[in-house]
Amino acid sequence: MRQQIPFHRPSIGPAEEREVLDSLRSGWITTGPKAKRFEKEFAAYVGARHALAVAHCTGALHLALFALGVGPGDEVITTPFTFTATAEVIGYLGARPVFVDIDPGTFNLNPARVEEALESGLHRHVRALLPVHFAGHACDMDRLLAIARSHNLKIVEDAAHAAGSARQLEGRGMTRIGTIGDLSCFSFYATKNITSAEGGMVTTEDDALAERIAVASLHGMDRDAWKRYDRGGSWFYEIHDTGFKYNLSDVHAAIGLAQLGRADEFMRRRTAIARAYSDALRVEPALQVPYEEPGIEHAWHLYVLRLRPAQLRVGRAQFIELLRERGVGTSVHCIPLNTMHFYQERYGYRTGDFPIAEDVYSRCLSLPIYPAMSDEDVAYVIDNVLAIARENRR
Ligand SMILES: Cc1ncc(COP(=O)(O)O)c(C=O)c1O
């Protein structure tokens with residue numbers, strides 16, 4: 001019988017059910033003790049001084065840039081090879097995303113292109129760098145930190161894919177993502193390495209930034225205003241600043257807490273699947289497996305395979321369709337933002353602006369990679385990817 005392997009299936013089990021039921025029965029379902037515990041345990045997981053739980057990574061990124069004071073007329077350098085959330089939040093604040101091309105191996109923001117943009121004289125209002133640790137492959141943070149220092153810029157890391165990722169840093173050794181730039185923003189969306197169905201987290205070492213984000217994430221109210229319906233709470237609250245409604249509910253935090261307890265097991269499984277894919281697929285000349293850089297611990301949120309069009313009679317879309325016919329779900333990460341209508345209309349970007357990102361996009365597909373996959377599922381994906389490549393070799 002043909003197997004059905006969806007692109008993603010979350011690992012939700014008894015631990016998540018227990019935590020959620022506990023919240024539902026406690027009488028306190030929105031932001032409260034579980035959200036606080038999730039913050040504390042996530043801070044410990046990445047080794048950060050502060051972790052602030054929010055409704056999603058989009059809100060986390062918005063709050064991070066807001067806390068740094070990014071505003072109208074400012075520019076933020078980022079990658080076009082990302083989900084729209086990374087760049088859309090720059091627009092929320094009236095600032096402009098300045099895209100630079102990616103590294104062809106890691107698909108991350110290329111530090112050489114960042115330096116070129118800063119030295120071109122075309123971007124005189126850059127306030128911050130917004131790198132994405134694409135697929136869970138940590139960016140070259142030593143170089144980005146050096147660039148930020150020499151141009152007096154802040155760094156907000158889009159760590160949506162990178163819960164658990166780490167990288168060797170000069171003078172610090174292997175360091176988890178979450179403590180390197182000024183602020184790091186994580187996603188707990190349904191497909192992410194750790195999920196809370198929807199959710200996000202901002203981490204920082206800076207007390208003042210943490211305070212500003214805590215206040216801004218709940219309407220600009222006092223830091224602990226969420227306690228006002230608690231037994232000891234007071235009806236009075238003060239509004240201190242512009243605010244947003246980005247708090248994380250305890251029901252969501254309950255799922256996140258249970259998932260965090262399984263994070264190491266999840267990461268081991270994702271790593272094993274990625275190894276199995278690369279070992280089996282690298283022998284096929286029509287396929288290009290992900291680049292594995294020494295000195296990083298990859299979180300393997302995505303496994304992005306590239307096709308070599310010169311070796312194949314079918315294109316990427318057809319390859320995906322052939323896999324779908326055999327019951328294997330895939331996806332494509334990412335469609336470069338400069339090729340999208342909104343970014344062309346609003347900011348004047350054009351298709352052709354970022355040849356590396358566009359080349360990767362034209363021939364990449366993401367294979368299923370998640371802890372709920374069995375060894376048989378992994379073998380089935382490998383067999384079918386190889387069979388399609390071989391049957392359609394030029
Ligand atoms: C790179 C990147 N940044 C940000 C986000 C936004 O995350 P969220 O859905 O938690 O807002 C995503 C979501 O997929 C993403 O892939």
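Could you list, in their original order, any pairs among Lys36/Lys227; Lys154/Lys192; Lys34/Lys227; Lys40/Lys245 whose Cα atoms are separated by more than 19 Å?
Going by Cα-Cα distance, Lys154/Lys192; Lys40/Lys245 fall outside the 19 Å limit.
Return a whole-number percent for the relative contact order of the chain, with Cα pairs under 8 Å and 6 or more residues apart as the contact set. Don't jump to the answer; show the numbers that get you there.
On the way: 821 pairs, mean separation 89.9, N = 394.
Worked out over the chain, it gives 23 percent.
Summing charges over neighbours of Pro80, with a neighbour being any other residue whose Cβ is under 10 Å away from its Cβ, gives -3 when K and R count +1 and D and E count -1. For the chain, the residue among Gly94, Pro294, His219 whose Cα projects farthest onto the positive side of the dipole built from Cβ charges is Pro294. Sorting Leu144, Leu122 by accessible area puts them as Leu122, Leu144; the probe is 1.4 Å, largest comes first, and only protein heavy atoms count.
Tell me, what is the FRET efficiency for Asp279 and Leu169 to the nearest 0.05, using R0 = 35 angstrom and their Cβ-Cβ distance as r? That pair, Asp279 with Leu169, gives E of 0.75.
For Met340, the solvent-accessible surface computed with a 1.4 Å probe is close to 70 Å², ligands and nucleic acids excluded. Karplus-derived 3J(HN,Hα) values for the range 279-295, using 6.51 cos²θ - 1.76 cosθ + 1.60 with θ = phi - 60°, are 4, 7, 8, 5, 6, 8, x, 7, 10, 10, 7, x, 6, 10, 8, x, x Hz; glycine and proline are entered as x. Counting 0.36 nm for each residue step from His341 to Arg390 and taking away their Cα separation leaves a gain of 14.0 nm.
For the range 100-185, GluC sites (Glu not before Pro) are listed when DSSP marks them as loop and at most 13 other Cβ atoms sit within 10 Å of their Cβ; the list is Glu170. Based on Cα contacts under 8 Å between residues 6+ apart, the range 1-126 shows a relative contact order of 16 percent.
Determine the order of Lys34, Lys40, Lys245, Lys227 by accessible area, beginning with the largest, at a probe radius of 1.4 Å.
Output order, biggest surface exposure first: Lys40, Lys245, Lys227, Lys34.
For the range 263-391, relative contact order (Cα pairs under 8 Å, six or more residues apart, normalised by length) works out to 33 percent. Take Arg313: with every protein chain present and a 1.4 Å probe, its accessible area is about 140 Å².
For the range 151-228, the share of DSSP beta bridges that are antiparallel, to the nearest 5, is 75%.
Our helix-only sum for the chain, with -39,500 (n - 2.57) per DSSP H run of n ≥ 4 divided by its residues, gives a mean residue ellipticity at 222 nm of -11500 deg cm²/dmol. Near Asp182, once Lys and Arg are set to +1 and Asp and Glu to -1 for all other residues with Cβ below 9 Å from its Cβ, the sum equals -2. Semi-axes of the equivalent ellipsoid for the chain, computed as √(5λ) from the eigenvalues of its C-alpha gyration tensor and ordered from largest down, come to 35, 28, 18 Å.
Comparing mean-square fluctuations of Asn193, Asn247, Asn384 from a GNM of the chain with C-alpha springs under 10 Å, the top value falls on Asn384. Please figure out what share of the DSSP beta bridges in the chain is antiparallel and state it in percent, rounded to the nearest 5. Just about 65 percent of them are antiparallel.
Per-residue surface analysis assigns His125 an accessible area of about 110 Å², computed on protein heavy atoms at 1.4 Å probe radius.
Residues Asp353, Asp22, Asp101 ordered from highest to lowest accessible area at a 1.4 Å probe: Asp22, Asp353, Asp101. Can you grab the distance from the C-alpha centre of the range 1-68 to the C-alpha centre of the range 283-346, Å, no decimals? Value for the Cα centre distance between the two parts: 28 Å.
If you take all other residues with their beta carbon under 11 Å from the beta carbon of Pro97, and give Lys and Arg +1 and Asp and Glu -1, the sum is -1.
What you get for the chain, charging only the Cβ of Lys and Arg (+1) and of Asp and Glu (-1), is a dipole of about 660 debye around the Cα centre.
The values are calculated or read from the model by the stated rules, or taken from the named source; none is laboratory data. Just so it is clear, the model here is predicted, and its values are computed rather than measured. Cβ sites come from the backbone with ideal geometry, for glycine too, and all protein chains shown count toward neighbours. Each accessible area value is taken on the protein alone, full model and side chains, heavy atoms only, with ligands, DNA and RNA left out. Shrake-Rupley method; radii C 1.70, N 1.55, O 1.52, S 1.80 Å.
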